[in-house]
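Notes to accompany the following structure.
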Amino acid sequence: MRKLVVCICALLACQLVKAQDPHFSQFFASPLTLNPAFTGKFSGSWRLAANHRDQWPSIPKAYVTTSASIDFPILKSRIPEKDIFGVGISGLTDASANNILKLNYGSVSMSYHKALDENGYSTIGAGFQGTYSSLSLDQSKLTFESMLTQNGFTDLSKREVLANGNNQSYFDINAGLLYSGSTNGQNNFDLGASMYHINRPKVVFKDKN
C-alpha cells in the first residue's frame, strides 16, 4: 500500500514539476540573482560578489555553477540624500551532466530606493534587470532508446534530430520589489519579492509535433 501511495504521488508530481534556475545555498551572497531590487542597496561605494557551486561532487561535474557581479550607487549628488539609485552587471555560467547542457548569461540591472524617513532607516525600492542568455546542448554525449542495439548504444544514425540546432539564445526581463527597515541603522531586515522570466522566453531544441 505504501509503495502504491508513493507511485501515485510521483505520477502527480510529474504533472507539476517545473525547471528551476541555477541557485546557491548561500543565496544572500548572490544578491543580483536573488532580486534585482538589491542592486546598489548596501553601505559602501561598490560591491563585488563571486560564487562557485559544485553540487554532488561524487558524480563528476553533475552541476557546476559560477557567478560574479558588481554593483554600485550612482548620482548621489543629484538625488535626495537618503535615496539610492543603483546599477550593476552580473554574469553566470552553469554546466550540467558533465557539460552536456550549458547555460551562460549576462545581465544589466538597475534599482531605485526611496527613503521613507529622514534617517533613511526605512526604504522602499524597485529593480529591473535585462538578461541575454545562451543555452547549448552537446548531443554527441547523449544516448537515446532508438540507438540501443544488442552491442550497446552503437547505432549513431538513429540519433535524435534537434530541429532548432544545438544552441539557443534569448533575452529575458526580471523585476523585483524590496522594503528595507531598521530601528537604529544597524539591525537591518529586508522584505521583498522578485519575478524572473517575465517575458516567458521559449527555449526548444526539438520542435514539438
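Checking each residue of region 57-75 against the condition of being exposed (fewer than 10 other Cβ atoms within 10 Å of the Cβ), at pLDDT 90 or above and among the polar types (S, T, N, Q) gives no match. Within region 68-80, is even one residue assigned to a loop (DSSP other than H, G, I, E, B) and within 18 Å of the chain's Cα centre (by Cα)? Within region 68-80, not a single residue is assigned to a loop (DSSP other than H, G, I, E, B) and within 18 Å of the chain's Cα centre (by Cα).
There is no residue in region 147-164 that is at pLDDT 80 or above, out of contact with any Cys (no Cβ under 9 Å at 6 or more places or on another chain) and either outside any strand (DSSP E or B) or at negative phi (or both). Restricting attention to region 76-89, which residues are surrounded by fewer than 16 Cβ atoms within 10 Å (Cβ to Cβ) and aromatic (Phe, Trp, Tyr)? Within region 76-89, none qualify.
Going through (1) touching a residue at least 40 places away in the same chain (Cβ under 8 Å); (2) within 20 Å of the chain's Cα centre (by Cα) one by one, Val64 falls short only on (1). Ser140 meets all of the listed conditions (1) modelled with pLDDT under 90; (2) surrounded by 15 or more Cβ atoms within 10 Å (Cβ to Cβ) but one, namely (2).
Among the residues of region 81-114, those that are hydroxyl-bearing (Ser, Thr, Tyr) and more than 16 Å from the chain's Cα centre (by Cα) comprise Ser111, Tyr112. Which ones in region 166-209 are at negative phi, free of Cβ contacts under 8 Å to residues at least 24 places away in the same chain and under 15 Å from the mean Cα position of the chain (by Cα)? Of everything in region 166-209, just one residue is at negative phi, free of Cβ contacts under 8 Å to residues at least 24 places away in the same chain and under 15 Å from the mean Cα position of the chain (by Cα), namely Met195.
If the condition is being within 21 Å of the chain's Cα centre (by Cα), exposed (fewer than 14 other Cβ atoms within 10 Å of the Cβ) and either closer than 17 Å to Asn104 by Cα or among the hydroxyl-bearing types (Ser, Thr, Tyr) (or both), then region 34-53 contributes Ala50, His52. Scanning region 48-67 for residues that are touching a Pro at 6+ places or on another chain (Cβ under 8 Å) and either aliphatic (A, V, I, L, M) or part of a loop (DSSP other than H, G, I, E, B) (or both) returns a single hit, Ala49. Only a single criterion out of (1) outside any loop (DSSP other than H, G, I, E, B); (2) at pLDDT below 95 is not satisfied by Ser109, namely (2).
The values are calculated or read from the model by the stated rules, or taken from the named source; none is laboratory data. Every value quoted in this text rests on a predicted model; they were computed, and no experiment measured them. Using ideal geometry, Cβ is built from the backbone for each residue, glycine included, and neighbour counts are taken over all protein chains shown.
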